[in-house]
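Participant: One structure, pasted below without further comment.
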Amino acid sequence: MVESASPSPRIFTAALVVIGDEILSGRTQDKNIAQIASWLGVQGIRLREVRVVADDTDAIVEAVNTLRVRNDYLFTTGGIGPTHDDITVDAIAQALGVPVVVHPEARQILADYYASRGSELTEMRLRMARVPEGAGLIPNRYSGAPGIHWGNIYIMAGVPMITAGMLDALTGSLEGGLPVLAETVGCWVGESEVAQLLAQTEKDHEGVSIGSYPFFREGRTGSNFVIRSTDAEQLAACVTALSAALEAMGRDPVLGGI
């Protein structure tokens, strides 16, 4: 009897829509892509695509409807505040074909938050309790206003610190695969000099990917090679093989990168 090969572990994927005119104008530098990508990696989910769109209903609707159907998860950041130009909730509700409603728990959270600060829940602040009908909430320990989840969509704040808190609240709650592990090997060598070596090394180690990132410092050319795998043994074997191959070329590999 011939045993069949073990099935490859399922890869869970996510996409991110970064919403905001201020990102596209260059007035604000986005920090959420990096922190969401890192967080997803720990959850065993691969960030496969990022789109940056304006505060425009049609652009948000198109991005949401495209990305939510070809990924396990879709995250959005930005546009869920109290002002007139915060249109993310309305746009996503339109994409889903559901009405916008005031979530009673979100309303109470906001009322308690502002009361604790000697203030009131105004009509504009109440906008932050609006959700696509059928949505649940993502806790926000920083500013009261919760994030929103609807099906496989996670609607989050644009402020990086608040986004980080929402990610922390979601930790362990999403189904994912094996976390992606990574090691870096640095070397003072141009990537074009070792392009064939990198391709062959990756080919020789199934389930491993190698990314090459060149840099220029001190008047010299170097590269950092980031090796990724969900299998710790495969990762270690590839690091060893690449390091040995670089040494055989007369180069000095630097574990951890340069």
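The values are calculated or read from the model by the stated rules, or taken from the named source; none is laboratory data. It should be emphasised that the depicted structure is a prediction, and the values quoted were computed from it without experimental measurement. For neighbour counting, all protein chains shown are included, and Cβ atoms are generated from backbone atoms with ideal geometry for every residue, glycine included. SASA here: full protein model, heavy atoms, side chains in, ligands and nucleic acids out. Shrake-Rupley method; radii C 1.70, N 1.55, O 1.52, S 1.80 Å.
The rows are residues; the columns are (1) in contact with a strand residue (DSSP E or B) (Cβ under 8 Å, 6 or more places away or on another chain); (2) in a loop (DSSP other than H, G, I, E, B).
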| site | (1), (2) |
| --- | --- |
| GLN200 | no, no |
| TYR213 | yes, no |
| THR240 | no, no |
| GLY250 | no, yes |
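Participant: A follow-up question, please. Go through the stretch 144-194 residue by residue and tally those that are of a type in the set (Val, Ile, Thr), open to solvent by less than 20 Å² (accessible area, probe 1.4 Å) and touching a residue at least 60 places away in the same chain (Cβ under 8 Å).
Facilitator: 6
Participant: Keeping to the stretch 198-231, report how many residues are over 27 Å from the mean Cα position of the chain (by Cα) and crowded, with 18+ Cβ neighbours inside 10 Å.
Facilitator: 2
Participant: So how many residues does the stretch 10-28 have that are under 21 Å from ILE60 (Cβ atoms) and either open to solvent by 20 Å² or more (accessible area, probe 1.4 Å) or in a helix (DSSP H, G or I) (or both)?
Facilitator: Residues that pass the stated criteria total 9.
Participant: If you scan the stretch 68-88, which residues turn out to be of a type outside the set (Ser, Thr, Tyr) and either assigned to a helix (DSSP H, G or I) or crowded, with 17+ Cβ neighbours inside 10 Å (or both)?
Facilitator: ARG68, ASN71, ASP72, LEU74, PHE75, GLY78, GLY79, ILE80, GLY81, ASP86, ILE87
Participant: Between a first residue in the stretch 52-67 that is outside any helix (DSSP H, G or I) and a second residue that is open to solvent by 30 Å² or more (accessible area, probe 1.4 Å) and of a type outside the set (A, V, I, L, M, F, W, C), which pairs have beta carbons less than 7 Å apart while being 6 or more apart in sequence or on different chains?
Facilitator: Cβ pairs passing all conditions: ALA54/ASP21; ASP55/ASP21; ASP55/ASP85.
Participant: Give me the strands (runs of 3 or more DSSP E) completely within the stretch 108-181, filtered to those with at least 3 residues that are under 24 Å from the mean Cα position of the chain (by Cα), ordered by residue number.
Facilitator: Passing ranges, in order: 136-138, 147-150, 153-156.
Participant: Being within 13 Å of PRO146 (Cα to Cα) and either at pLDDT below 95 or of a type in the set (A, V, I, L, M, F, W, C) (or both) is the filter here, so list the residues in the stretch 96-111 that pass it.
Facilitator: VAL102, ALA106, ILE109, LEU110, ALA111
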